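Asks: Mind having a look at this structure? Questions to follow.
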Amino acid sequence: MNKRTLKGHIFKAISYIAAAITLFALIGILGKITIEALPSLSLYFLITPESKVPGLGGGVANAIAGTLLLSLLSTALATPLAVGTAVYLKRYAKDGTVARTFGFMLDVLAGTPSIVLGIFGLLFLVYYMKFITGGFSLIAGTIALTILILPVIERAAEEAINTVPVELEDASYALGATKWDTVRRITVPFALTGILTGVVLGIGRAAEESAIVILTAGYTQFLPEFKVLRDDGLLFGLKFYPYQDLIAALPITVYRSFEFPHLIPASNGFAAAFVLIVIVMLINAVTRILLWRSRIG
């Protein structure tokens, strides 16, 4: 065995060991959470809001509904902004000072701690814009989470656009297509898999966030209600529920269970964490299935 082959085997073994450590760590974490959650996991726990259970804890339907609303609405708001920014930087902006500055600012935004964005949301969205957002509310939480996940989706979209073969776009231009037609019919469809991967990452990032949510969305024991009531303190004198109302989230439920251990069983917190993991896994699985079906098609 020569030296080059030996090095190859050594690095291959290191890679296998690293993968095994990662896998065992993941299994250990999931196993621990599942075991600790079993005493509280039940259908009643999942479909009952906390407001219907005496005391604190005992139900997470309100938190599940709030987590889905916050993560899906923020992702729906961030995706077109992120993809549009990525398309502009990669296909329209010239490689100059403006483009580099824009990219640098996105890197800064991506590296900004979530607690800083939460404080910004608390001051600007909850207090200064209270006449629009209603204070602690679904709108405030959604906008703050949109700012958080926008660079995640944008960077994934940029990387996906970089994978588009230049030959395909050149062929489109040769056939008389405009840049917009090429982007719409060639670039974005070819990069869709990578873009959707970024969207999934954004949903997971929004679903797991706690600092921003507690500082902008607050918390409520009640399920979201869709209704409109009069409120003279808000714009147009109307309050739109649940958008301008408090909203719950699973990360806050987990936090509260350990903040009040003498009032809420620890298994409730682990059960809420288990549900959150399952939601993120289901979103990933559904997205991968859709991508697989689109490839077959």
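Okay, residues lined up against (1) more than 30 Å from Lys130 (Cβ to Cβ); (2) at pLDDT 90 or above; (3) over 23 Å from the mean Cα position of the chain (by Cα):
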site: Gly233; (1), (2), (3): no, no, yes
site: Leu238; (1), (2), (3): no, no, yes
site: Ile247; (1), (2), (3): no, yes, no
site: Thr253; (1), (2), (3): no, no, no
site: His262; (1), (2), (3): yes, no, yes
site: Phe274; (1), (2), (3): yes, yes, no
site: Ala285; (1), (2), (3): yes, no, no
site: Leu290; (1), (2), (3): yes, no, no
site: Arg293; (1), (2), (3): yes, no, yes
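Asks: Among the listed residues Thr75, Thr67, Thr79, Thr5, which satisfies the condition of being hydroxyl-bearing (Ser, Thr, Tyr) and exposed (fewer than 11 other Cβ atoms within 10 Å of the Cβ)? I'd like the intermediate steps shown before the answer.
Replies: Working: Thr75 fails: exposed (fewer than 11 other Cβ atoms within 10 Å of the Cβ); Thr67 fails: exposed (fewer than 11 other Cβ atoms within 10 Å of the Cβ); Thr79 fails: exposed (fewer than 11 other Cβ atoms within 10 Å of the Cβ).
Result of the check over Thr75, Thr67, Thr79, Thr5: Thr5.
Asks: Which of the residues spanning region 259-276 are surrounded by fewer than 22 Cβ atoms within 10 Å (Cβ to Cβ) and out of contact with any Asp or Glu (no Cβ under 9 Å at 6 or more places or on another chain)?
Replies: Once the filter is applied, which keeps residues that are surrounded by fewer than 22 Cβ atoms within 10 Å (Cβ to Cβ) and out of contact with any Asp or Glu (no Cβ under 9 Å at 6 or more places or on another chain), region 259-276 yields Glu259, Phe260, Pro261, His262, Leu263, Ile264, Pro265, Val275.
Asks: Moving to a separate point now. For region 25-37, how many residues meet the condition of being over 14 Å from Val278 (Cα atoms) and either in the same structural domain as Pro265 (by TED's automatic domain parsing) or surrounded by 11 or more Cβ atoms within 10 Å (Cβ to Cβ) (or both)?
Replies: 3
Asks: Moving on to the next point. Would you point out which residue out of Leu6, Leu38, Leu26 is under 24 Å from the mean Cα position of the chain (by Cα) and not β-branched (Val, Ile, Thr)?
Replies: On the way: Leu6 fails: under 24 Å from the mean Cα position of the chain (by Cα); Leu38 fails: under 24 Å from the mean Cα position of the chain (by Cα).
So the residue among Leu6, Leu38, Leu26 that is under 24 Å from the mean Cα position of the chain (by Cα) and not β-branched (Val, Ile, Thr) is Leu26.
Asks: For region 153-165, what are the residues that are buried (at least 20 other Cβ atoms within 10 Å of the Cβ) and either part of a helix (DSSP H, G or I) or not assigned by TED's automatic domain parsing to the domain that holds Leu70 (or both)? Full working, then the answer.
Replies: Filtering region 153-165 for residues buried (at least 20 other Cβ atoms within 10 Å of the Cβ) gives 153-154, 156-158, 160-161, 164.
Across region 153-165, the qualifying residues are Ile153, Glu154, Ala156, Ala157, Glu158, Ala160, Ile161.
Asks: Something else about it: Taking only region 261-274 into account, find how many residues are touching a Leu at 6+ places or on another chain (Cβ under 6 Å) and in a helix (DSSP H, G or I). Please lay out each step first, then the result.
Replies: Narrowing region 261-274 to residues touching a Leu at 6+ places or on another chain (Cβ under 6 Å): 263-264, 271-272.
Within this subset, residues satisfying the condition of being in a helix (DSSP H, G or I) are 271-272.
Qualifying residue count, region 261-274: 2.
Asks: Answer yes or no as to whether Leu229 is over 13 Å from the mean Cα position of the chain (by Cα), under 30 Å from Leu168 (Cβ atoms), surrounded by fewer than 23 Cβ atoms within 10 Å (Cβ to Cβ) and not hydroxyl-bearing (Ser, Thr, Tyr).
Replies: Values: over 13 Å from the mean Cα position of the chain (by Cα): yes; under 30 Å from Leu168 (Cβ atoms): no; surrounded by fewer than 23 Cβ atoms within 10 Å (Cβ to Cβ): yes; not hydroxyl-bearing (Ser, Thr, Tyr): yes.
No, not satisfied.
Asks: In addition: Can you go through Leu73, Leu123 and tell me which one is at pLDDT 90 or above and over 30 Å from Ile283 (Cβ atoms)? Even if it seems obvious, please write down each step before you answer.
Replies: On the way: Leu73 fails: over 30 Å from Ile283 (Cβ atoms).
Every option except Leu123 fails the conditions.
Asks: Could you go through region 104-112 and let me know if any residue there is surrounded by 13 or more Cβ atoms within 10 Å (Cβ to Cβ), more than 30 Å from Leu223 (Cα to Cα) and aromatic (Phe, Trp, Tyr). So that I can check it myself, show each step before the final result.
Replies: If we filter region 104-112 for residues that are surrounded by 13 or more Cβ atoms within 10 Å (Cβ to Cβ), which is where we start, we get 106, 109-110, 112.
Still in the running and more than 30 Å from Leu223 (Cα to Cα): 106, 109-110, 112.
Pick out the ones that are also aromatic (Phe, Trp, Tyr) and you get none.
No, region 104-112 has no match at all.
The values are calculated or read from the model by the stated rules, or taken from the named source; none is laboratory data. This is a predicted model, so every value here is computed, not measured. Ideal geometry is used to build each Cβ from the backbone, glycine not excepted, and the neighbour counts take in all protein chains shown.
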